[in-house]
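All of the numbers you see were taken from the coordinates with simple rules; none came from a lab. All values derive from a computational prediction rather than experimental measurement. As a convention, Cβ positions derive from the backbone with ideal geometry for all residues, glycine included, and neighbour counts pool all protein chains shown.
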Amino acid sequence: MSEITTQSKDRYFNNLVNGVKTVFEGMSITLASFFTRPVTVQYPEADISTDQTIQDNYKGPLSGMPPNYRGILNVDMSICTACTLCMKACPIDCIYLETVKCEKVTVIGKDGNEENKVRTCSIFKIDIGKCMFCGLCTIPCKPGSIYHTNRFEMNTQSLDKLVLSFVDDDSRQQILLKGMELDAIAEAKKKEKQALADKKAAEEQAVSKKTDKEKEPSTTDDKDNQ
Amino acid sequence: MTADLKTSYMTINMGPQHPSTHGVIRFILKTNGEIIYHCEPDIGYLHRSIEKIAESVTWQGFVPYTDRVDYVCSMNANWAYCLAVEKMMGIEIPERAEYIRVIVGELNRISSHLIAIGTADMDMGAVTPFVHCLREREYINDLLERVCGARLTYNYMTIGGVANDLPADFIQKTVEFLNHFEFAMEQINRLVTYNRIFINRFASLGVITPEQAINYNLVGPNLRGSGVNYDLRKDEPYSIYSKLDFDIPVGTGSEGILGDCYDRYIVRAKEIKESVKLIRQCLNQLPSGEIQAKVKNVIKPPQGHIYVRTETPRGDTGYFLYSNNKTSPYRLKIRTGSFTAMSIIPEISQGLFIADLVALIGSLDVVAPEVDR
Ligand code: SF4
Ligand code: SF4
């Protein structure tokens, strides 16, 4: 009986000592972190958009947003060749674009390669409310015209403000008019070509008929001769 | 008189918005006073029908959805899916891409385990270690953000390699981080893992025997916590794991009974160290060269099916793909570790206190979106 009580007494005191010891150990670590630099970024005060800007208001070890941060999308319409690959790559269909013909120009992409541009976008819309910032649309874009910016603050009070349009109404009118003009020209050219081709075909036919006619009697002659 | 008075079990809803359920899961408890008589997990609150979505998006377009299956370790989820499609199409990926995959995957494993042990501590009422863990995780987020441009839903791996190369200062920054992190992890361990009060709280609690663990198909650290040495990185090596040198920590029942909450906890804490070792090796051996194999813009894997498993932080994640030579999968099935971990809770929780159930859930490291998908 007495043995058991001494044993349990020992355990009790052991636990007590251990408990106090570990509490002190934990406290020492907690106290030590009082003297380290705070890691927390005071976000609205510290501009976190780049490594340089973050340094003004923040002295901690974390860094600002990297240049390849996948934020809100932007499109550089001057180098977009309207290839619609980005629209096809997006898994949730949040890019919508319509294309029309334009004057043939050569654009220089972000990576320095030249691309031929024969069509242009009359509508280019991205629904940022739906976009999941996955970056899949930027991969197939050859000139690099669709790209992520490091903007991420875009709170609005209505959903339709989240639909970004990269072609404004005025230029859309012009683009459409130009497209129609070019279409008309192309149509006229096509017709001309068609007419030319028809004429040629007719002529050829006539010629062949003539030769046939010329030949026919001769063949009959030949036959007669035989 | 007292013989006529009947007692009955009280039904309590724990969740869906309970802080210890790590997401939206509901437990229907039948309690006998403070003791649980029966516990029924009610899942499905986070179901987003990701498997069905797969049938309407392209093969590459599904990669960002795998991020959302388990957002705590999206890099590993990307990896599992991409590996499955690559195996199906017989794509060889460049060696540099393999090394990069291991580096980012193991970094993500560390951050996931930090969340696991941090939340387990927080469920036990220790909030300080949680903050320490999240602070360290923030460095990893910073590193991965530099690599791929996002902090949580990385979408970094592509079919045939990785999306972009490592930034120039990545290796130096990662080595700096690892040097700092080894010290910080030791502090976290001193703060909680070797803390007598914490050990007494976790040891001999929620014991899962090795037989039970295998029968219920537990995977990953939960299985190894029960003393079963099974890790796909060693037993069925994929990528370049067969070339790398690392150990698999298993539970030993050092503080209580084999397979208790503390074993599962300490396995995770030890695995973090192994991951650090792996990353160091990969950084030393990192070859130069291509990062992306030649893959067409629109891919159509040949007719057939495949099941590929990888070891993610929450255990064995499997992707079953069925292709009928079209631009999107005919059927896709995801198998995750958290789901089986949920199924063992009714059996283990019988007879536990309600407060101990919180510890059990914390030690199983269940992530709700991974359960429901
Ligand atoms: S980032 Fe992803 S979701 Fe957003 S528009 Fe591009 S492809 Fe679509
Ligand atoms: S992929 Fe690029 S070039 Fe093609 S339509 Fe989209 S933004 Fe324009």
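Listed values, structure above:
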read-out: Estimated vicinal HN-Hα couplings, Hz - segment B:163-180 in sequence order (Karplus 6.51, -1.76, 1.60; Gly, Pro = x); value: 5, 9, 6, 5, x, 4, 8, 4, 4, 4, 5, 5, 4, 4, 4, 5, 4, 5
read-out: Per residue convex hull volume, Cα atoms of chain B, in Å³; value: 140
read-out: Integer Hz, Karplus 6.51/-1.76/1.60 couplings in order for segment A:176-181, x for Gly and Pro; value: 5, 4, 4, x, 5, 4
read-out: Amide H partners (placed H, <5 Å) of A:Arg119, local residues excluded; value: A:Cys102
read-out: Shape parameters for segment A:73-174, alpha-carbon atoms, Rg then Dmax in Å; value: 13.6, 41
read-out: Cβ crowding within 10 Å averaged over residues, with B:174-183, B:251-260 ranked highest first; value: B:251-260, B:174-183
read-out: Computed helical MRE - 222 nm, the protein assembly as shown, DSSP H runs ≥ 4 contributing -39500 (n - 2.57), nearest 500; value: -15000 deg cm²/dmol
read-out: Shielding of A:61-70 by partner chains, average beta-carbon count, 10 Å; value: 6
read-out: Residue-wise HN-Hα coupling along segment B:260-274, computed from phi with Karplus coefficients 6.51, -1.76, 1.60 (Hz; x: Gly, Pro); value: 7, 4, 5, 4, 5, 5, 6, 4, 5, 4, 6, 5, 4, 5, 5
read-out: Shielding of B:162-173 by partner chains, average beta-carbon count, 10 Å; value: 1
read-out: Dimensionless Rg/Rh of the protein assembly as shown - Kirkwood Rh, Rg from C-alpha atoms; value: 1.15
read-out: Segment B:242-373, relative contact order in percent, only Cα pairs under 8 angstrom and at least six apart counted; value: 18
read-out: Segment A:93-140: translational diffusion in µm²/s, Stokes-Einstein, Kirkwood Rh over Cα pairs, 4 °C, 1.567 mPa s; value: 102
read-out: Partner chain coverage, peptide A:132-139 - average Cβ within 10 angstrom; value: 6
read-out: Segment A:73-174, relative contact order in percent, only Cα pairs under 8 angstrom and at least six apart counted; value: 34
read-out: Cα shape, segment B:77-166, gyration tensor, a/c 1.5 rule; value: prolate
read-out: Gyration tensor (alpha-carbon) shape descriptor, chain A, a/c threshold 1.5; value: prolate
